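Working notes for the structure below.
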Amino acid sequence: MTEEGLLNGCLHNDPIAQKELYQKYNAKMLSVCYRFAHNREDAEDMLQEGFIKVFSQIHTFRSQGAFEGWVRRIMVHTCINHLKRNRKFNESVDLIHASGLQTREDAVPSIVQAKQVVECIRMLPIGYRTVLNLYALEGYSHKEIATVLDIEESTSRSQYTRARQMLEEILVKKKILEKQQDKVSLFAAFGR
């Protein structure tokens, strides 16, 4: 079935079209949810909740941009709402995590397994991880992040800086990143 056919079927609550749409996007969207979630079960809950929203709001899609991008945005907002609702974003982050870290854009070998980096990102405290995901991976501005998470823009910036620093330390400890060699920005790979 074409994407247009899937959309039309979903608009008419056709279970076959809904199943095909789910199968087409579930793996990609689960990976989006997994970056925000505390564990796989939370990611699966976020995914299911996100798809319920996709199906119930599909009539609002105006074909102004890619449908996949529209679905992704719903998933990201679902993840954020899930974190807020469960107060996981508001968990305090010890400043001890950020102590002794130097701000710098350090080297990442040109071939780093994306899965390894995602696993290292998942080791960050939830607040850091959320801001990092939104800014570096989803392309939100700090102003947008502040609005979505109901925090100050400066808080978004500092959480992002601390997340970068902590991620760098994790990557070094796991020997994915070598200190002071082959100066290539980790975040250049994300386009940020």
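Table: residues versus (1) in contact with a Phe, Trp or Tyr (Cβ under 7 Å, 6 or more places away or on another chain); (2) under 19 Å from Ile145 (Cβ atoms).
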| site | (1), (2) |
| --- | --- |
| Met1 | no, no |
| Ala17 | no, no |
| Glu20 | no, no |
| Gln48 | no, no |
| His59 | no, no |
| Arg62 | no, no |
| Gly69 | no, yes |
| Arg72 | no, yes |
| Leu83 | yes, yes |
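Looking for whichever is in contact with a Gly (Cβ under 6 Å, 6 or more places away or on another chain) and either crowded, with 16+ Cβ neighbours inside 10 Å or outside any loop (DSSP other than H, G, I, E, B) (or both) here; the options are Ala17, Ala43. Which one fits?
Ala17
Is one or more of the residues making up region 57-68 surrounded by 19 or more Cβ atoms within 10 Å (Cβ to Cβ), over 24 Å from Tyr140 (Cβ atoms), in contact with a Leu (Cβ under 9 Å, 6 or more places away or on another chain) and hydrophobic (A, V, I, L, M, F, W, C)?
no
Six or more apart or on different chains, Cβ under 8 Å: which pairs go from a residue in region 138-152 that's within 21 Å of Cys33 (Cβ to Cβ) and at pLDDT 90 or above to one that's among the acidic types (Asp, Glu) and part of a helix (DSSP H, G or I)? Could you list them?
Listed pairs, sorted by first residue: Ile145/Glu153.
Suppose the filter is open to solvent by 60 Å² or more (accessible area, probe 1.4 Å), of a type in the set (A, V, I, L, M, F, W, C) and part of a helix (DSSP H, G or I); does Ile52 pass it?
Considered against the rule, which asks whether it is open to solvent by 60 Å² or more (accessible area, probe 1.4 Å), of a type in the set (A, V, I, L, M, F, W, C) and part of a helix (DSSP H, G or I), Ile52 comes out as yes.
The values are calculated or read from the model by the stated rules, or taken from the named source; none is laboratory data. Please read all numbers here as calculations on a predicted model, not as lab measurements. Glycine gets a Cβ as well: all are built from the backbone with ideal geometry, and neighbour counts include every protein chain shown. With ligands, DNA and RNA removed, areas are computed over all heavy atoms of the protein, side chains included. Shrake-Rupley method; radii C 1.70, N 1.55, O 1.52, S 1.80 Å.
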